[in-house]
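To start, the structure under review is shown below, and the notes come after it.
The values are calculated or read from the model by the stated rules, or taken from the named source; none is laboratory data. The structure presented is a predicted model; accordingly, all values stated were derived computationally and were not measured. When we count neighbours, we look across all protein chains shown, and the Cβ atoms used for this are built from the backbone with ideal geometry, even at glycine.
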Amino acid sequence: MNKEQNIIPGGDVSIRDMLSGSGYSDKAISYFLDKTYMGDLPQADQETEMTGTCGDTMKVCLKINQNIIKDIRYQVLGCPGAVASAMAAAELVKGKRLEDARAVNDNDIFNLLEDIPDKKHHCIQLAVKTLHKTLDEYQKAKM
């Protein structure tokens, strides 16, 4: 059974169908299911963790070489909106210069996700704030 065919216990509705019915776009659902940038990054150059007002927690791990983000991973303890937002943020900044990554904002992530429920927009903010905090801490450590 692949990720998209996961069935909710006790029912015949797939996770994809449930998320779609809740207001997530197909793109946001794919980010949540694929989790391409989820996990640990051994020997990361910077790791920073942040907890949002909703209680979701994100940790960003960066591998940086010559001011370029060579690799990025998020660890997320949170809802599908938090996971999708983190994965979109990672996709936007991987391979970018630090100053370009620092310019990423909430609208950039929302546009990439295409749509998530209004109640989940704070997840986008948490992904961006955690990324910016990570970049700031890395730059302070290099001074």
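Of all the listed residues (Ala101, Ala127), the sole one being closer than 23 Å to Cys54 by Cα, of a type in the set (Gly, Ala, Ser), in a helix (DSSP H, G or I) and modelled with pLDDT of 95 or more is Ala127. Within the stretch 120-143, being touching an Asp or Glu at 6+ places or on another chain (Cβ under 8 Å) and of a type in the set (Gly, Ala, Ser) holds for no residue.
Of all the residues in the stretch 125-137, those that are touching a helix residue (DSSP H, G or I) at 6+ places or on another chain (Cβ under 9 Å), surrounded by fewer than 20 Cβ atoms within 10 Å (Cβ to Cβ) and in contact (Cβ under 8 Å) with a residue 60 or more places away in the chain number 1. Screening the candidates Ser14, Ser22 for the property of being surrounded by 14 or more Cβ atoms within 10 Å (Cβ to Cβ), of a type in the set (Gly, Ala, Ser), at pLDDT 95 or above and more than 23 Å from Asp100 (Cα to Cα) yields one hit, Ser22.
In the set (1) under 19 Å from Ala28 (Cα atoms); (2) touching a Leu at 6+ places or on another chain (Cβ under 8 Å), Lys63 fails one condition alone, (1). Within the stretch 47-74, restricting attention to residues that are hydroxyl-bearing (Ser, Thr, Tyr) and within 16 Å of Cys123 (Cα to Cα), the residue that is farthest from the chain's Cα centre (by Cα) is Thr53. Among the numbered conditions (1) within 19 Å of Thr57 (Cα to Cα); (2) assigned to a loop (DSSP other than H, G, I, E, B), the only one that Lys133 does not meet is (2). No other residue among Asp106, Asp115, Asp34, Asp26 is over 14 Å from Thr134 (Cβ atoms) and touching a Gly at 6+ places or on another chain (Cβ under 8 Å) apart from Asp115.
Of all residues in the stretch 48-58, none satisfies the criterion of being surrounded by fewer than 19 Cβ atoms within 10 Å (Cβ to Cβ) and within 17 Å of Glu91 (Cα to Cα). Of all the numbered requirements in (1) among the polar types (S, T, N, Q); (2) closer than 24 Å to Asp118 by Cβ; (3) at pLDDT 95 or above; (4) part of a loop (DSSP other than H, G, I, E, B), Thr53 misses one, and that requirement is (3). Of all residues in the stretch 90-109, none satisfies being touching a Cys at 6+ places or on another chain (Cβ under 8 Å) and surrounded by 15 or more Cβ atoms within 10 Å (Cβ to Cβ).
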